[in-house]
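Structure, as structure tokens:
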Amino acid sequence: MPVPFPALGERLAKPAEIVISPVNLTANGPAHLGHVGGPFLRMDVLARACRRAGHRVRQVLSNDHFENHVVVKARAMGRDPAAFARENDRLIAKGLAALDITFDTFPDTGDPAVLARFRDVAGALAGALDAGGKVVLRRESLPVDDAPVAGFEAGTAPIEERFCIGGWFACNCPACGAPSGSFFCEACGAHYSPAEAPQPRSRRGNITGFAESACLYLDLRPVKALAQSWARMRIEAPFREVAQRFLDNSRPEIRLTVPGLHGLAWDDRRFRDSQILFSYSSLLYAHHILLGEFLADEGGANPFEAGHPALLIGATAIDNTVPMLAGVTGCALAQTRYRGFDRIYFNHFLHLDGEKFSTSRGHVIWSHDLEGVPGLDTDILRWYLCSIAPEDAAGNFVRAECAAFHERVRATLDRRLQALAAILAAEAQTAPDPDPGIGAPMRDLLQTQHECLGGDGLRLRRFAATLDAALALGEAITTPAQAQAWMRGFAILASPVMPRLAQELWRAAGLDGAPQCADFARPARPVPAALPRRDGPPLTRAALDALTP
Ligand SMILES: [Zn+2]
């Protein structure tokens, strides 16, 4: 993070304004633990660490109701895509909140008032891109299939419903030949038109022919400017290489529109059919701009408007590298009204018991199911997830390991909390200053945490390891002064990872508000009776196994 972090007990001279806008999820299903333990938890920890430092942070999210896979899945289930997307959006919010990941604004883009505003944003972005002169109209022969469309006789549905594209389309990649589908090749990163892909196949029927469409693309040249913006955002090498591979294997352009009826329309008299914003470029960027509009409601301008001083932070898993680094960044460079991100943090995938999360195979833990798991302390789960963060390589959530970690940490915490209560109760009438003897190592641990956030990437594994060291410091406590210092220091150090425990400790230390680096030595009288316990029922491996549907 290109912002200063204060030392323990110090106040920032000049707080920064920070907007964190992680990539959205496709509302074709709920959020699973792989999503949550990836960009969302990482950004939540970052947001809390920046708030603890004294910066003004706002975190925002809106999910994609229009991506083609929403329509694909809704149709397969005989559901209305809009209602289906809203239902999933609510489950996603519930799943994130189950791990205390919440947002300053999280609009439901299925709500008519929000949707009207979204259309305005899309129109403004389309206008800005048109004025930028990099929008290209491309005629394409898109495959059409014979799949039945609800409410229409065979062959009579609107052409937008009969195009076999997105989640319905399978092919071989025109660049590398690997089995592929939709618009991007997972094997080589190429971005292609279904019109040019060999062995086109329909996943819902048979391709019966091709029909002419005219779609918009964004000319990404000069690609040097794009690569320079990746360097400016300090994108880590493995992810920059994915984006470079896309440039090497594709024409220097990215799709801006697709034919469709379920989405935000892009108006252009040259179109032959209804075109909607493409989820992996224009629509993705429009989501962030919409969220900026909601932030502007609180006063001030939209932080995505050019010239705004806020630091814009994005985050996503590796599968959205090209959409973020070519789609969103390309759209930001191609016009002058809105600006791009200052930093985008990428992560690898998180696996479950050694294998990829898979909805179709049922190899999944839905985040909203975590609510009400017997014995689960979500603070400790957050700590475990940080300790396996997929930052240098894929991470692996191992249920047996998680349960063991949970019980070890819980027992240690409870012992520490009980010992603290006994020491403080002996001299409850005094309000000792925090002891500098414990303050010094606490200060070093905070410095280490800040180093984990200060580089090109985030290093939450090392960040979380400081909590082990902070817990160990508590073993040597014998005086109320030391106890006071440890409670405050641990609350500050733990607050980004374990927000509930940190808040409880802060209150027990006699302090109001949320844990702040600057308030480490603020005078207050501790309240030993308010010290929390961690002595509930155990979390078992069986309880975690039961989460798999
Ligand atoms: Zn390929």
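Determine, for each peptide in 223-233, 484-494, the mean count of other beta carbons within 10 angstrom over its residues, then list the peptides with the highest first.
Numbers: 223-233: 14.7, 484-494: 27.4.
Descending packing order for the listed peptides: 484-494, 223-233.
How much length is gained on full extension from K356 to A211, taking 0.36 nm per residue of separation minus their Cα-Cα distance?
Contour length minus the Cα-Cα distance gives 48.5 nm.
Rounded to the nearest 5, what % of DSSP beta bridges with both residues in region 17-352 are antiparallel? Numbers along the way, then the final one.
Details: 27 of 41 bridges.
Looking only at bridges with both residues in region 17-352, the antiparallel portion is about 65 percent.
Could you work out the per residue convex hull volume over the alpha carbons of region 17-352, in cubic angstrom? List each step's numbers first, then the result.
Values: hull volume 44.7 nm³, N = 336.
In region 17-352, the Cα convex hull volume per residue is 133 Å³.
Can you compute log10 of I(q)/I(0) for region 376-530 with the Debye formula, treating each Cα as one identical point scatterer, at q = 0.17 Å⁻¹?
Each listed q corresponds, in turn, to -0.97.
If you wrap region 484-523's Cα atoms in a convex hull and average its projection over all directions, what's the area in nm²?
On the way: hull surface 9.1 nm².
Average projection, Cα convex hull of region 484-523: 2.3 nm².
Please report, in Å, the Rg and the Dmax of region 205-331, where both are computed over Cα atoms only.
16.7, 54
Which value, in Å², gives the accessible area per residue of the chain when a 1.4 Å probe is used on the protein heavy atoms? Display every interim value, and only then the final one.
Working: 20760 Å² over 549 residues.
Counting only protein heavy atoms, the per-residue value for the chain is 38 Å².
Testing the spin-label approximation: label points 7 Å from Cα along Cα→Cβ at R203 and E475. State their distance in nm.
A separation of 5.3 nm, rounded to one decimal place.
With unit charges on the beta carbon (Lys/Arg positive, Asp/Glu negative), name the residue among G513, T378, T466 whose Cα is farthest towards the positive pole of the charge dipole of region 376-530.
Of the candidates, T378 comes out farthest on the positive side.
Could you list, by residue number, the cysteines of the chain that have no other cysteine's beta carbon within less than 4.7 Å of their beta carbon?
Result for the chain is C50, C164, C171, C215, C331, C386, C402, C452, C517, no neighbouring Cys Cβ within the cutoff.
Can you list residues whose amide H is under 5 Å from T208's amide H, if they're 5+ apart or on another chain and H is modeled 1.01 Å from N?
The list, which skips near neighbours in sequence, is V144, D145, D146.
The values are calculated or read from the model by the stated rules, or taken from the named source; none is laboratory data. These figures come from a predicted structure and were not determined experimentally. Cβ coordinates were reconstructed from backbone atoms using ideal geometry, including for glycine residues, and neighbour counts include every protein chain displayed. Ligands, DNA and RNA are stripped out before the accessible areas are found, and what is left, the full protein with its side chains, is counted by its heavy atoms. Shrake-Rupley method; radii C 1.70, N 1.55, O 1.52, S 1.80 Å.
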